[in-house]
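The values are calculated or read from the model by the stated rules, or taken from the named source; none is laboratory data. Note that the coordinates shown come from a computational prediction; the quantities given were computed from them, not determined experimentally. With ideal geometry, Cβ positions are generated from the backbone for all residues, glycine too; neighbour counts draw on all protein chains shown. To get the accessible areas, we keep the full protein, side chains included, count just its heavy atoms, and leave off ligands, DNA and RNA. Shrake-Rupley method; radii C 1.70, N 1.55, O 1.52, S 1.80 Å.
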Amino acid sequence: MNKSLQLTEKDIIKYQKEIDNITLNDKSEILKKSAIKINSMISHPKLDQFQLILIQEINILHNILNTTPNLETSIQQKIIFALKYFLHGEDDIPDDIPGIGFIDDLAVVDWVIKDIKDQ
């Protein structure tokens, strides 16, 4: 299964600029809000395949950020970016569009996971 669309080079440049401007001040708030959104999604009776994968991958990022105290700042910024993107329902593809609303979220999360995996 091809689970997500691919980010363009233009997207990556744009997102990297946003990542570079992220501060860690709201890390605990982002963790709290992302946990709430995950729990809300899990309680939905009909999750599609993209939502299920997204929930798993958001949980991975959430747990890394929450349980690794000495994580490099750049990695924390990338994870916070992915979590903030996930939290923002009106992103590149609005989350409320059935069947495709979370595909862009999944693309961002996949990109961040692949990027931090090497680090």
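Here's how it looks for L71: its modeled amide H is under 5 Å from none belonging to a residue 5 or more places away or on a different chain. Eigenvalues of the alpha-carbon gyration tensor of the chain, scaled by 5 and square-rooted, set the equivalent ellipsoid semi-axes at 21, 17, 13 angstrom, largest first.
Give me the compactness ratio for the stretch 51-119, meaning the Cα radius of gyration over 2.2 N^0.38 Å. So the stretch 51-119 has a normalised radius of gyration of 1.10.
Projecting the Cα atoms of I13, N39, G101 onto the charge dipole of the chain, computed from C-beta unit charges around the Cα centre, puts N39 farthest toward the positive end. Axis of helix 9-20 versus longest Cα principal axis of the chain: the two differ by about 50°, to the nearest ten degrees. Secondary-structure-derived ellipticity at 222 nm for the chain, considering helices only, amounts to -21500 deg cm²/dmol, per-run term -39500 (n - 2.57) for DSSP H runs with n ≥ 4. Which of the pairs K32/K114; K14/K114; K14/K46 have their Cα atoms more than 21 Å apart in this structure? Over 21 Å apart, Cα to Cα: K32/K114; K14/K46. Please calculate how many Å² of accessible area the stretch 56-119 carries per residue, with a 1.4 Å probe and no DNA, RNA or ligand atoms counted. Accessible surface, normalised per residue, equals 48 Å². Each residue, K14 and L47, gets one label point 7 Å from its Cα in the Cβ direction; the gap between the two is 2.8 nm.
In a simple Cβ point-charge model (Lys, Arg +1; Asp, Glu -1; nothing else charged), the chain has a dipole of about 320 debye relative to its Cα centre.
Note on the chain: with a GNM built from Cα contacts shorter than 10 Å, the maximum mean-square fluctuation among L24, L87, L61 falls on L24.
Counting only protein heavy atoms and a 1.4 Å probe, tell me what percentage of the chain's accessible area is made up of carbon and sulfur. The computed percentage sits at 54. Pairing the Cα long axis of helix 103-117 with the longest principal axis of the chain, what angle in degrees results, from 0 to 90 and rounded to the nearest 10? For helix 103-117, the angle is close to 30 degrees. Quick note on the stretch 7-71: its Rg to Rh ratio, both from C-alpha atoms and Rh being the Kirkwood radius, is 1.03. A Gaussian network model of the chain, with springs between Cα atoms under 10 Å, assigns the largest mean-square fluctuation among Q51, Q77, Q16 to Q16. Relative to the longest principal axis of the Cα atoms of the chain, the long axis of helix 27-42 lies at roughly 20 degrees.
Neighbours of L83 by Cβ distance under 12 Å: Lys/Arg scored +1, Asp/Glu scored -1, total +2.
Model label sites at T73 and A35, defined 7 Å from Cα along the beta-carbon direction, differ in position by 2.6 nm.
First select every other residue whose beta carbon is under 13 angstrom from the beta carbon of P98; then total the charges, Lys and Arg +1, Asp and Glu -1. Walk me through the numbers on the way to the answer.
On the way: positive: K46; negative: D48, D95, D96.
That works out to -2.
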